[in-house]
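Step one of this worksheet: look at the structure below.
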Amino acid sequence: MKVKIFFFSPLRQILGLKETDIELPEGATVANLFEELSTRFGEPVKKYIFDGMTGRPRGYLLYQVGKKNQSTSYKIDTKLKDGEKLAIMSPPMGG
């Protein structure tokens, strides 16, 4: 199945891409997608997405599947569908 990924800062800056299409097996999850992105784009992406101590996606990352916002801190087992659109975002900053 094919999933379209939209990248926002700083991941957009790391990759130099606004978006890309990723082929995944049927039944793949957001966690599988993050693993594929790390394999495809290498160490800088792996360090950004995954915690070096736990090997799990960093809890502060946000993503949107379709129109539903989610956080990697609790929902990386979301199953993806063919043609799905997913955006990966950083948390909002403020002060």
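The values are calculated or read from the model by the stated rules, or taken from the named source; none is laboratory data. The structure displayed is predicted, hence computed values, not measured ones. No Cβ is skipped: glycine too gets one built from the backbone with ideal geometry, and neighbour counts run over all protein chains shown.
If the condition is being part of a loop (DSSP other than H, G, I, E, B) and either under 11 Å from the mean Cα position of the chain (by Cα) or over 14 Å from L86 (Cβ atoms) (or both), then region 22-33 contributes P25, E26, G27.
Comparison of E19, E43, E26 shows that the only residue that is within 19 Å of L62 (Cβ to Cβ) and of a type in the set (D, E, K, R) is E19. In the set E19, E43, E36, only one residue is farther than 16 Å from K75 by Cβ, of a type in the set (D, E) and over 12 Å from the mean Cα position of the chain (by Cα); that residue is E43. Considering only region 65-95, state which residues are among the aliphatic types (A, V, I, L, M), modelled with pLDDT of 70 or more and part of a loop (DSSP other than H, G, I, E, B). Listed by number, the residues that qualify are I76, L80.
When region 34-61 is filtered for residues that are part of a helix (DSSP H, G or I) and of a type outside the set (D, E), the ones remaining, listed by number, are F34, L37, S38, T39, R40, F41, P44, V45, K46, K47, Y48, I49. Cβ separations smaller than 6 Å between residues 6+ apart or across chains give the following pairs from region 4-21 residues that are part of a loop (DSSP other than H, G, I, E, B) to residues that are at pLDDT below 90: F8/M89.
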